[in-house]
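Structure first, then comments.
Bear in mind that the values in this text are calculations on the coordinates, not laboratory data. None of these values were measured; they are calculated from a predicted model.
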């Protein structure tokens, strides 16, 4: 996953009422050249099955499960066939469960203590959340106090298309975006297309 995010350091978070409803938007995102998509978990019957259909329909996309904060959600993500999942919290029990099931779970962190704990638990990736409330310079400011080495960081939570380049320049490794109040409008998709065009070349 880290290698793929080095190629394109951007993820889009979709929150459809039913996963299958996301198919038209996935067609659009795939046409724009997006590689990484998250589908938010919902505790509803059929969620895993519908996600499995989407994953099979778009084999070129890297699918992840978003909003994974319970044992039930970890199991559902595994059953759906997701390559990875992201949590808003750091919960060792969920990390152990995901590891046993063979799925990468990226924990949500905010404080230096949580980042230190995530590293101690063997996490190579973390999700900085809620990123917008912390500011683009926050992550880089932690490097020296935490010994000079930070895990691969996906900044998420309240970020807009206009935030992508400033946050990457400030030192995070990837950005997760949602449509927010703007919704999946033509304006949003146009902005996303520009972001994809302006992303730094693979390193």
D_trans [Stokes-Einstein, Kirkwood Rh over alpha-carbon pairs] for segment 1-87, 25 °C, 0.890 mPa s, µm² s⁻¹: 191
Where the Cα pairs of segment 1-47 fall when distances are cut into 5 Å bins, in %: 5, 20, 26, 20, 16, 10, 3
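With runs of 4+ DSSP H residues as the only contributors, calculate the mean residue ellipticity of the chain at 222 nm using -39,500 (n - 2.57) per run, divided by the residue total and rounded to the nearest 500.
Value at 222 nm, helices only: -11000 deg cm²/dmol.
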For the chain, modelled as a GNM with alpha-carbon contacts under 10 angstrom, which of 130, 107, 166 fluctuates the most? 166
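If you wrap a convex hull around the C-alpha atoms of segment 72-126 and split its volume per residue, what is the figure in Å³?
67
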Over the Cα atoms of segment 83-162, what Rg and Dmax result, in angstrom? 12.5, 38
Please pull out the direction-averaged projected area of segment 35-132, using the convex hull of its alpha-carbon atoms, in nm² to one decimal place. 6.3
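Over the chain, what lengths in whole Å, largest first, do the semi-axes of the equivalent ellipsoid take, defined as the square roots of 5 times the eigenvalues of the alpha-carbon gyration tensor? Intermediate values should be presented prior to the final figure.
Numbers: eigenvalues 123, 99, 38 Å².
Sorted largest first and rounded, they come to 25, 22, 14 Å.
Starting from the coordinates of the alpha-carbon atoms of segment 52-101, obtain the Kirkwood hydrodynamic radius over all distinct pairs and give the value in Å to one decimal. Mind showing how you got there, number by number?
Details: mean 1/r = 0.0892 Å⁻¹.
About 11.2 Å, per the Kirkwood formula over Cα pairs.
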